[in-house]
1. When the scattering of region 95-218 is computed by the Debye formula from its Cα atoms alone, each counted once and equally, what is log10 I(q)/I(0) at q = 0.14, 0.20 Å⁻¹?
2. Give me the mean projected area, in nm² to one decimal, of the convex hull enclosing the Cα positions of region 270-411.
3. Are there any GluC sites (Glu not before Pro) in region 192-246 that are in a DSSP loop and have at most 14 other Cβ atoms within 10 Å? List them by number.
4. List C348, C181, C203, C176 from most exposed to least, where exposure is judged by having the fewest other Cβ atoms within 10 Å.
5. Are any of the pairs K223/K279; K122/K220; K60/K90; K62/K437; K60/K434; K6/K60 more than 22 Å apart by Cα-Cα distance, and if so, which?
6. Find the centroid of the Cα atoms in region 367-414 and in region 232-290, then give the distance between the two in whole Å.
7. Report, in whole Å, the centroid distance computed from the Cα atoms of region 320-360 and region 50-90.
8. Filter the trypsin sites (Lys or Arg not before Pro) in region 43-75 to those in DSSP coil with at most 14 other Cβ atoms within 10 Å of their Cβ, and list the result.
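Values quoted throughout were computed directly from the atomic coordinates according to the rules given, and no laboratory measurement underlies them. Computed from a predicted model, the values in this text were never measured in an experiment. Neighbour counts are summed over all protein chains in view; Cβ atoms, including those assigned to glycine, are modelled from backbone coordinates with ideal geometry.
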Amino acid sequence: MDSIYKSLAEIVGDDHVSNQPEELYIYSYDLGTTEPHRPDYAVAPRTTEEVQEILKLANKEKIPVAPLGGGLSLAGLAVPLRGGIALDLKRMDSIIEVNERARYVVLECGVSQGQLSSYLEKHHPNLRHSEPGAPPQATIAGNIAIHGQGDLAQPYGFNSDMVNGLEVVLPTGEVCRIGSCSVSPSWFTLHPLPDLGLFLGWCGTTGIITKLSLKLYPSKKIKSVEQFVVENEDLVPEIVYKITHTEMADDIVAWSQAIPTFSSGLHHINILMTADSEKELEFKTELFWDDVLAEYIRNGDGGFVALSAAMKAGLTSRPQVSKASDWKKGGGFEYVGAIMPVETYPECYRRGFDISARHDIPYTVLGRIIGRSHAMMFSWTYAFNRADPESIRQAREALHESDELALELGGTIWKPGVYGQKLVMERIEPNTLKLMKKVKELLDPNGIMNPGNWEVS
Ligand SMILES: Cc1cc2nc3c(=O)[nH]c(=O)nc-3n(C[C@H](O)[C@H](O)[C@H](O)COP(=O)(O)OP(=O)(O)OC[C@H]3O[C@@H](n4cnc5c(N)ncnc54)[C@H](O)[C@@H]3O)c2cc1C
């Protein structure tokens, strides 16, 4: 038994550390196309103090640490690219406080999306959080560490914009609090202290988020959805603009996919709404049908899909994992999500269609509106067969081309894998890159945090 293993076992207990190949195997890959990389140890701490001890040890011994929540980013971001410690944070799963009146929750980093949703439904039915479409075991902390977006993106923006405070363990082991929680017992705001935007979007390369406070929002009694369909993709940005002008939608998602073939080439715009009464819902629905989108119906450019109650229930339930994942059989899929101007939807669709066709993958594209048409997360999804290396190679190539396309069209890549990170760093303004390097060297002098990712040279 090596000395590092012994030290880790002293910190977390024998049951929560492993160097056994069958357990390390699980931590060596994710669901996407990233090549597997085996860690040397898998460690599952329970407390902030244990995280501190692990990072102090890793920093002293210069052992890489790859933090892991649900491991569902798909882009290899929690795969231990340089081996070392796979730091599984799922045991840190306490919901510490819900402030009903100030609408926020304080929780530990291992709390999952599904856990928070069911907790709120049971104990605080008037409150909800912005839930991503990811499988429910994805963690809140993992999601904000990559600037995720959920089903309240339309009115409120990125999930990482909803953070009220953080507790972070620095790579050198110190604990640091950010936001009102650094000066008061209350975790109600991130502002107005000087901005220390050092941890959101850094994919665990600057420290471990151990606790966080997240904004909650009113949970209305009724959920509903309308679906508008057009043939001409050029109309989508203007339709989205008109819908966002009403400020009546919670989530707006425009999508198009090759399967089923009868709807291939059509653009569906899902408009998700919530209401506290049938009257409120009727008002919102009528606004879209009779007013905002009526001209497109009159001109023969589009129309609403008649959705049954069962179809609406399916479209408003969470999460909805796309069947696109099995289009190549073998259950593999990965997407490039890019943060794009909404007006690029038509070009994103056309060019994505071409990339899919070239790589013989049925096309799947989707644009989720963030804010009142302020941006759009546009995803190009590529299915592959896990059992077929050629199919994986094709998907990887398509993903790389989509990374390049996102930047070419004036967007940025969301949660890029290593290939996309390099493209971004090649293009980023030199002084910004220098600043990133300074931040990284200051916080993580020995380069132990999730190395291989965001390596600024
Ligand atoms: C079918 C499907 C649908 C999806 N839909 C959405 C969607 O609608 N919106 C969306 O935003 N995402 C979506 N995703 C992407 C992803 O699953 C989510 O963003 C998810 O919330 C990530 O959380 P995780 O716990 O799996 O993070 P992980 O993959 O475990 O981690 C993500 C990154 O954060 C780091 N990290 C994890 N925990 C910490 C921590 N405590 N401190 C510091 N760094 C940490 C990791 O090292 C890694 O770099 C989807 C994924 C799938 C498979």
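1. Evaluating at q = 0.14, 0.20 Å⁻¹ gives log10 I(q)/I(0) of -0.54, -1.14.
2. Working: hull surface 41.3 nm².
Value for region 270-411: 10.3 nm².
3. On the way: sites: E226, E231, E233, E238; in loops: E231.
In loop regions of region 192-246 (DSSP not H, G, I, E or B), the sparsely surrounded GluC sites (Glu not before Pro) are E231.
4. Details: C348 28, C181 21, C203 24, C176 15.
Arranged by neighbour count, lowest to highest, C348, C181, C203, C176 become C176, C181, C203, C348.
5. Pairs exceeding 22 Å: K60/K90; K60/K434.
6. First find each Cα centre; the distance between them is then 23 Å.
7. 30 Å
8. Numbers: sites: R46, K56, K60, K62; in loops: R46, K62.
Passing both the DSSP loop test and the Cβ count: K62.
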